1. Check every one of the strands (runs of 3 or more DSSP E) wholly within the stretch 245-359 and list those with 1 or more residues that are in contact (Cβ under 8 Å) with a residue 60 or more places away in the chain and among the polar types (S, T, N, Q).
2. One residue is enough: does the stretch 420-436 have a residue meeting the conditions modelled with pLDDT of 95 or more, surrounded by 15 or more Cβ atoms within 10 Å (Cβ to Cβ) and under 30 Å from R276 (Cβ atoms)?
3. Only one of V119, V136 is within 22 Å of the chain's Cα centre (by Cα) and not in a helix (DSSP H, G or I). Can you tell me which?
4. Filter the stretch 139-173 for residues that are free of Cβ contacts under 8 Å to residues at least 40 places away in the same chain and outside any helix (DSSP H, G or I) and give the result.
5. Residues in the stretch 21-29: is at least one among the aromatic types (F, W, Y), without any contact (Cβ under 8 Å) to a residue 12 or more places away in the chain and in the same structural domain as T450 (by TED's automatic domain parsing)?
6. Can you confirm whether the stretch 3-25 contains a residue that is over 19 Å from V457 (Cα atoms), of a type outside the set (A, V, I, L, M) and part of a loop (DSSP other than H, G, I, E, B)?
7. Within the stretch 95-116, work out how many residues are surrounded by 16 or more Cβ atoms within 10 Å (Cβ to Cβ), outside any loop (DSSP other than H, G, I, E, B) and not hydroxyl-bearing (S, T, Y).
8. Going through T450, T442 one at a time, which residue ends up being closer than 24 Å to V202 by Cα, within 23 Å of the chain's Cα centre (by Cα), surrounded by 13 or more Cβ atoms within 10 Å (Cβ to Cβ) and of a type in the set (S, T, Y)?
Amino acid sequence: MIDTNEFRQYGHRFVEWIAEYYENIEKFPVKSQVKPREIYEQLPASPPDKRESIDTIFEDFVNIVLPGMTHWQSPDFFAYFPANTSFPSILAEMLTAALGAQCMKWETSPAAAELEEVVMKWLIRLTGLPESFSGVIQDSASTSTLCALLSARERASNYQVNNKGFYHEKFRIYCSTEAHSSVEKAVKIAGIGKENLVKIGVDENFSILPDQLERSISEDKKNGFQPLCVVAAIGTTSSTAVDPLLPVGLICKKHKLWLHVDAAFAGSALILPEYRKMIEGIENVDSFVFNPHKWLFTNFDCSAYFVKDKDALVRTFHIMPEYLITTTQGEKNDYCDWGIPLGRRFRALKLWFVLRNFGRSGLQEILARHISLTKKLKRIIEGNKNYEILAPVFFNLICFRYLPENEDNEKNINAFNEQLLEEINASGKLYLSHTRLRDKFTLRVMIAQTYVKETHVMKAWEVINNIAVALDAKRKDFVSEH
């Protein structure tokens, strides 16, 4: 075990390595190029009998582990949604690790609880969410959605499912066909059952159809079901579509359903005043989640979950064995009662560092730049006859595909774009991911990495187009030969 002097020595060395890593991150293949089991087979089958030096361990990290890492912080990373970090967030995580606190209750770390309460109120003021909301940091939007469904279940059953288990309830949950898979997982975990998740169709913009939602709820009531909750999306995973909160909220109010909003990625855009129109109708929302660990430069994990009725949340999760009773019970927020786990990390510290170091104007500047870069790339793609944009560009995601010359067979077009994606990612020059929109294999370019610049976006376009053109030329040669 190293002592404080050695810790100081290695700590300085590791910080230097981290700084150099960020300075040279573009030299690494963005997507790891290793083959399955390649890392596993380089590692010993058993732990060492005798202590090994940090030098030896770090050498293996550089030589074995690092080649197997995909570099999510690379400005050439355009896949999925980002898992962004930033230097203030990293510095705060160092302090969090050093403190090693278990922040389950106010008494176990008062500063952690009170700082969390403050930064969640800051987020409310930054985003324009209702001041009446109460916030808590969860580990992910998936967990937040599960918390929403469990709270809705308990409120609807007068908290009897928690006490007695399921009896005859035939609950129904509603979301669009474009909703995140975490909704289906939450429905299964909550005991409601996958068959009771009703997926509602979407319009030409991939947004939920309120009229169809209304009909489904009414029909379910006639058939003896108990509609429970609607999960609306601000920024769906495939295309960042936005569900219309106002009509959906009025439907939920009419039928007395819980309305949960999954804004995991796009909720950060509310920091830009021009995007506040997305939450028109927020007064009818019961819970809302977005992830600072996606587009607010706070490293994973940090999910901001807000509820209108915190008592419903706490009553759903509160449990009090003797060993958790404290003399300050009920005087402050014990966040272990606001979610699933008892144990909690000090996540508020890194968010506090980020919000203070960037400031409102700094956050707005970067978000606006990402959106501006996206608009520029969209114009370039639209100006090239060999490409087709497949979804509206609401924020900073472009969904598109390449159209091979003289090819109108959808199956062949899909196969071409699938191969195009594989070759792009195999190049190591950038990393894209895909989805399917109306059965069309769709490439996604997400411009949201913390340190991305216009040069990275233009380079990405050059790589995509060069590989696409070369691949199309090979295809045409093959067709002509056969």
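The values are calculated or read from the model by the stated rules, or taken from the named source; none is laboratory data. Since we're looking at a predicted model, the values are computed, not measured. For neighbour counting, all protein chains shown are included, and Cβ atoms are generated from backbone atoms with ideal geometry for every residue, glycine included.
1. On the way: elements: 258-262, 287-290, 303-307.
It comes to 287-290, 303-307.
2. yes
3. Details: V119 fails: not in a helix (DSSP H, G or I).
The unique qualifying residue is V136.
4. Step one: of the stretch 139-173, the residues free of Cβ contacts under 8 Å to residues at least 40 places away in the same chain are 157-158, 160-161, 163-168.
Once the filter is applied, which keeps residues that are free of Cβ contacts under 8 Å to residues at least 40 places away in the same chain and outside any helix (DSSP H, G or I), the stretch 139-173 yields S157, N158, G165, F166, Y167, H168.
5. Step one: of the stretch 21-29, the residues among the aromatic types (F, W, Y) are 21-22, 28.
Filter once more, keeping what is without any contact (Cβ under 8 Å) to a residue 12 or more places away in the chain: 21.
If we keep only those that are in the same structural domain as T450 (by TED's automatic domain parsing) as well, we get 21.
Yes - at least one qualifying residue is present in the stretch 21-29.
6. Looking only at the stretch 3-25, we keep the residues that are over 19 Å from V457 (Cα atoms), and these are 3-21.
Then drop every residue that is not of a type outside the set (A, V, I, L, M), which leaves 3-14, 16-17, 20-21.
Within this subset, residues satisfying the condition of being part of a loop (DSSP other than H, G, I, E, B) are 3.
Checked against the condition, which is being over 19 Å from V457 (Cα atoms), of a type outside the set (A, V, I, L, M) and part of a loop (DSSP other than H, G, I, E, B), the stretch 3-25 yields at least one hit.
7. Of the residues in that region, 4 qualify.
8. On the way: T450 fails: closer than 24 Å to V202 by Cα.
Matching residue, one of T450, T442: T442.
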